[in-house]
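What follows is a set of notes on a single structure, which appears directly below.
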Amino acid sequence: MDNRIGEMQVFLRVVEAGSYSEAARRLLMTPSTVSKLIGRIEVRLGVRLFERSTRRLCLTSEGRMYYEKSLALLAELDGIERGISRGAATAGGTIRVNVTVSFGILGLEPLLPGFWEAHPDIVVDLSLSDEIVDLYLDRTDVAFRVGPLQDSALVARRIGVVKRRIVASPDYINRLGEPKRVEDLSGHNCLGFNFRRSAPVWPLKESGRIVDRAVSGSLLANNAQTLRRMAIAGIGLARLADYHIRDDMAAGRLVEVLEGTAGDEEQVHALYHGGPRLPFRVKVFLDFVCPRLTDFMEGRTLGQQAVQLSGGKIASSSARRSSRNVGS
């Protein structure tokens, strides 16, 4: 194993002590071990570092150069470690975040202006994708996942439970009718996903249990936003998360069909690398967004969240927001 830093530290201690024996005493080594380490440096460099006499050690010109460079290098190393240590304990730096498209647009993005007001020195590197990413390979700090979790060394922080609904536009129902039974889905255009992990089935509640019902349609997409827009356009039926279509249903753009049949529920978690050395920027990000995302999933608006989190008092932040540009 390369231990040039350790050898360099021994060399500096020999220069400071003036002899192998005194350096060995201070380092809790034997004089022969110290001598071997210095000899190893000299062999590697191809030069003599000390002029040896019976009374004292004197640095050669090459030894003086190696001494000065070693001092500078070790001081720089100390500075690097101190800087990283301070950075881990302060709210600054970059956080790489991965989240599904609809959950990111509807749930996470509205929280970011408030997060930056509290932590203006943190950069959020945000990726929206409905594909599952590997946090280690993609160097992702936090990923929000919907559905069952795989066994791993990652820490999972629960956000809430998502329920699915089957919806269609009023125009679609007027033209093609409303399915009244699960069996009727075979005669309808059922829009679906094209993920590698997905199958052309909808988990539906039948006779008190969840059954995978085969469906087909004219569109397979890699994100729920596309399915939502096509459903609103009257193209077909879509099975979507309730938080995704909540506003559309309230506005009458979409209506639920086969109510109560899309009975499966999935957990939503924030996944991250845990342990005692969790960077402070990741901790403050999770502490800020996780409880607010739980409120979002339960149907509370940002205004209602502000009231709850401030104990009933809402402070206007529009003036502060207008004074700085929070990203693009």
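The values are calculated or read from the model by the stated rules, or taken from the named source; none is laboratory data. Keep in mind the model is a prediction, meaning the values are calculated, not measured. In this analysis, Cβ positions are derived from the backbone assuming ideal geometry, glycine residues included, and neighbour counts consider all displayed protein chains. Areas reflect the complete protein model, heavy atoms only, side chains present, ligands, DNA and RNA absent. Shrake-Rupley method; radii C 1.70, N 1.55, O 1.52, S 1.80 Å.
List of remarks:
- Taken over segment 15-46, the criterion of being on the phi < 0 side of the Ramachandran plot, not in a helix (DSSP H, G or I) and not β-branched (V, I, T) is satisfied by S19, M29.
- Selection from segment 197-236 of residues that are among the charged types (D, E, K, R) and in contact (Cβ under 8 Å) with a residue 40 or more places away in the chain: R197, K205, E206, R228
- Scanning segment 1-27 for residues that are under 45 Å from the mean Cα position of the chain (by Cα) and aliphatic (A, V, I, L, M) turns up M1, I5, M8, V10, L12, L27.
- Residue that is in contact (Cβ under 8 Å) with a residue 40 or more places away in the chain and among the small types (G, A, S), where the choices are G147, G187, G177: G147
- Those strands (runs of 3 or more DSSP E) lying entirely in segment 108-195 with at least 2 residues in contact with a helix residue (DSSP H, G or I) (Cβ under 6 Å, 6 or more places away or on another chain): 122-128, 155-168
- Among (1) exposed (fewer than 12 other Cβ atoms within 10 Å of the Cβ); (2) closer than 25 Å to H269 by Cβ; (3) not aliphatic (A, V, I, L, M) - the single one N174 does not satisfy: (2)
- Odd one out for A233, checked against (1) in contact with a Ser or Thr (Cβ under 9 Å, 6 or more places away or on another chain); (2) modelled with pLDDT under 90: (2)
- Residues of segment 182-228 satisfying the condition of being under 17 Å from S129 (Cα atoms) and open to solvent by 40 Å² or more (accessible area, probe 1.4 Å): F193, N194, R196, R197, S198, L220, N222, R228
- The set of residues from segment 9-30 being over 25 Å from D78 (Cα atoms) and either touching a His at 6+ places or on another chain (Cβ under 8 Å) or at pLDDT 90 or above (or both) comprises just one member, T30.
- Positions within segment 236-268 being of a type in the set (A, V, I, L, M), open to solvent by 20 Å² or more (accessible area, probe 1.4 Å) and part of a helix (DSSP H, G or I), in sequence order: M249, A250, A251
- Filtering segment 269-289 to residues that are modelled with pLDDT under 85 and loosely packed, with under 15 Cβ neighbours inside 10 Å leaves G274, G275, P276, R277.
- Residue within segment 68-77 that is touching a His at 6+ places or on another chain (Cβ under 9 Å) and either at pLDDT below 90 or open to solvent by less than 70 Å² (accessible area, probe 1.4 Å) (or both) present: no
- For segment 1-10, taking the residues that are of a type in the set (D, E, K, R) and closer than 19 Å to G63 by Cβ, the one that is surrounded by the most Cβ atoms within 10 Å (Cβ to Cβ) is identified as E7.
- Only one of R56, R13, R52 that is open to solvent by 40 Å² or more (accessible area, probe 1.4 Å), touching a strand residue (DSSP E or B) at 6+ places or on another chain (Cβ under 9 Å) and not β-branched (V, I, T): R52
Yes/no per residue for (1) open to solvent by less than 30 Å² (accessible area, probe 1.4 Å); (2) more than 28 Å from E256 (Cβ to Cβ):
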site	(1), (2)
P113	no, yes
W116	no, yes
V124	yes, yes
L128	no, no
L135	yes, yes
R139	no, yes
A143	yes, yes
S152	no, yes
V161	no, no
